[in-house]
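**Q** Here you go, one structure.
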Amino acid sequence: MLATSLTAAVVGVEAYLIRVEADTAAGFPRFTVLGLPDSTIKESEGRIRAALRNCGYAFKWDRRITVNMSPASLRKTGSSYDLATAVGLLAADGSLPAAALSDVLLIGELALDGAIRPVSGVLPMMLMARRNGVAAALVPSANASEAAIVDGVRVYPVETLPEAVSLAGRADRPEPPAPPRAPVAVGGSPDLADVRGQVLGRRALEIAAAGGHNLLLTGPPGSGKTMLARRLPGILPPLAPAEALESTAIHSAWGARLPGLLRERPFRSPHHSISDAALVGGGSTPRPGEVTLAHNGVLFLDELPEFRRSTLEALRQPLEERTVTIARLRGSLRLPARFQLVAAMNPCPCGHRGDTNRPCTCTPRRVESYRARISGPLLDRIDLHADVPWVCYAELSGPPGEGSTAVAARVRTARERQAARAQDTGVLANADLDAARLRSTLRLEPAAVGLLAGAVDRLGLTGRAHDRLLKVARTIADLGGADRVGPSHLAEALQFRCGPGATAG
């Protein structure tokens, strides 16, 4: 007898509907799984055998049993197919009506005693179920809050196999219980008022937040580079509902188990020993990397020159295109990667170059080699270069600086100006403007045109650096409430473009 149950597969950050076809027939006893299963799925026979036996089901194993997971061309990984396979086998055996399984998604890993354990990727699976018109979903109780984020699909939390079989086999399922929709606990980003001194660094952080620009902080150890970077999410606009759903689905597909929607912008800070695949995504079974986990948020790279050059060069495409394309023999996978890059580095290997109190012990050749670890094309994609010097005692013992609330209000006002200009173009910030939109929104004053011409010729700016300079100037004007970009706005943008570690082009 043949029965079909429904489940889902997550590839990258997207989920796809999987039909699990279970067939039992007379013949030599054998359990075969088709449809490109990985070793975890092949081992599910043992889990399903034990779960059915320990739950009291008299399933006949002395037959030829074939399980096919369609579409067969899509590679299947993980243990989330256990429940759909077990219920499908029972339907093929006649223990429950097979027709009742046509509108219910079955997700969960089986324990040997029949308990249903949580799995990853439940949120993108629910989004897929809604797109495909699936009416109901049976999910592990531990995943119920995450599944309930999506409206339009009735979510039934189940803890045991008999409970799942009872619900799956009913055509008249009762209304599901209302699961708790508790959001992730919000601890709050650290306040910018904690940063003493660092006027230039604070200003660069505000401009970066207002326009979505990338930022490089250069200064000696302990000067406050990391402290500044960790306060960027606190002055960025809050996540819009669509952004929150998108970011939460990405983290769910990656493997995080979340009790609700993300409420704060992601802040990812990988160690400099990270591999290329872990940063941008990939692997034999492609998974999201740090740039995708930082989508709609901030990617912070501390000690930038300590990262492998190949790892840093892999950032060039995501920074430019806001996506990551992973090519494999069986096809390519596109992952979202719209993030703000904030990087920090020392001015030299010992960290004391330019310090009047602590002499630098590095030779010019060593300093040049240290800075050469970061390529010019990568530096060219960083809009703001700010110096973060030592803070004197008077600044450390002085009153606290302006807090995140006041700065965030200015950032929000500047973003609203950008949104009003963009209208329905989908451009979220000045950093995302293409060349055509940049020309239409720039509105340079005559005096600024002369300053720009002199800067391009004297500094030898590339076309990319020219456009990024104008985007920063437009953001500075937005923060000042100006409709036109004046020479003062352009001069400040030039100051950050030609700061420490910047390249002329």
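The values are calculated or read from the model by the stated rules, or taken from the named source; none is laboratory data. Quick caveat, the model's predicted, so the values are computed rather than measured. All Cβ positions, glycine included, derive from the backbone under ideal geometry; neighbour counts span all protein chains shown.
**Q** Any residue in the range 385-408 that is of a type in the set (D, E, K, R) and surrounded by 13 or more Cβ atoms within 10 Å (Cβ to Cβ) sitting within a Cβ distance under 9 Å of a residue that is modelled with pLDDT of 85 or more and part of a loop (DSSP other than H, G, I, E, B)? List the pairs, counting only those 6 or more apart or interchain.
**A** D387/G219; D387/P347; E395/R196; E395/G197; E395/Q198
**Q** While we're here: Which of the residues that make up the range 463-487 are in a helix (DSSP H, G or I) and among the basic types (K, R)? Working first, answer last.
**A** Of the residues in the range 463-487, the ones in a helix (DSSP H, G or I) are 463-479, 487.
Within the range 463-487, R464, R468, K471, R474 qualify.
**Q** Any residue that is modelled with pLDDT of 90 or more and farther than 23 Å from L205 by Cβ - is there at least one of those in the range 421-443?
**A** No.
**Q** Which condition number does P259 fail, the rest of (1) within 17 Å of the chain's Cα centre (by Cα); (2) surrounded by fewer than 21 Cβ atoms within 10 Å (Cβ to Cβ); (3) in contact (Cβ under 8 Å) with a residue 60 or more places away in the chain being met?
**A** Checking P259 against (1) within 17 Å of the chain's Cα centre (by Cα); (2) surrounded by fewer than 21 Cβ atoms within 10 Å (Cβ to Cβ); (3) in contact (Cβ under 8 Å) with a residue 60 or more places away in the chain, the one that fails is (1).
**Q** Under 7 Å between Cβ atoms, at least 6 apart or on separate chains: pull out the pairs that start in the range 428-447 with a residue that is among the hydroxyl-bearing types (S, T, Y) and end on any residue that is surrounded by 12 or more Cβ atoms within 10 Å (Cβ to Cβ).
**A** Cβ pairs passing all conditions: T441/R421; T441/L433; T441/R474.
**Q** Let me ask you something else. Pick out, from the range 72-156, the helices (runs of 4 or more DSSP H) lying fully within it that include 1 or more residues that are over 17 Å from P37 (Cβ atoms), without any contact (Cβ under 8 Å) to a residue 60 or more places away in the chain and of a type outside the set (F, W, Y).
**A** 122-131, 144-147
**Q** Still on this model: In the range 411-452, what residues are within 13 Å of P237 (Cβ to Cβ) and either in a helix (DSSP H, G or I) or in contact with a Ser or Thr (Cβ under 7 Å, 6 or more places away or on another chain) (or both)?
**A** Restricting attention to the range 411-452, the residues satisfying the condition of being within 13 Å of P237 (Cβ to Cβ) are 411-419, 428-429.
Listed by number, the residues that qualify are V411, R412, T413, A414, R415, E416, R417, Q418, A419.
**Q** Follow-up question, since we're still on this one. How many of the residues making up the range 287-313 are buried (at least 20 other Cβ atoms within 10 Å of the Cβ) and part of a loop (DSSP other than H, G, I, E, B)?
**A** Of the residues in that region, 7 qualify.
**Q** Looking at S269, S273, can you tell me which residue is hydroxyl-bearing (S, T, Y), over 17 Å from P124 (Cβ atoms) and in contact with a Phe, Trp or Tyr (Cβ under 6 Å, 6 or more places away or on another chain)? Before the answer, list the steps.
**A** On the way: S273 fails: in contact with a Phe, Trp or Tyr (Cβ under 6 Å, 6 or more places away or on another chain).
Result: S269 is the single residue among S269, S273 that is hydroxyl-bearing (S, T, Y), over 17 Å from P124 (Cβ atoms) and in contact with a Phe, Trp or Tyr (Cβ under 6 Å, 6 or more places away or on another chain).
**Q** Looking only at the range 231-250, count every residue that is under 17 Å from T323 (Cα atoms) and charged (D, E, K, R) and tell me the total.
**A** Counting residues in the range 231-250 that are under 17 Å from T323 (Cα atoms) and charged (D, E, K, R) gives 2.
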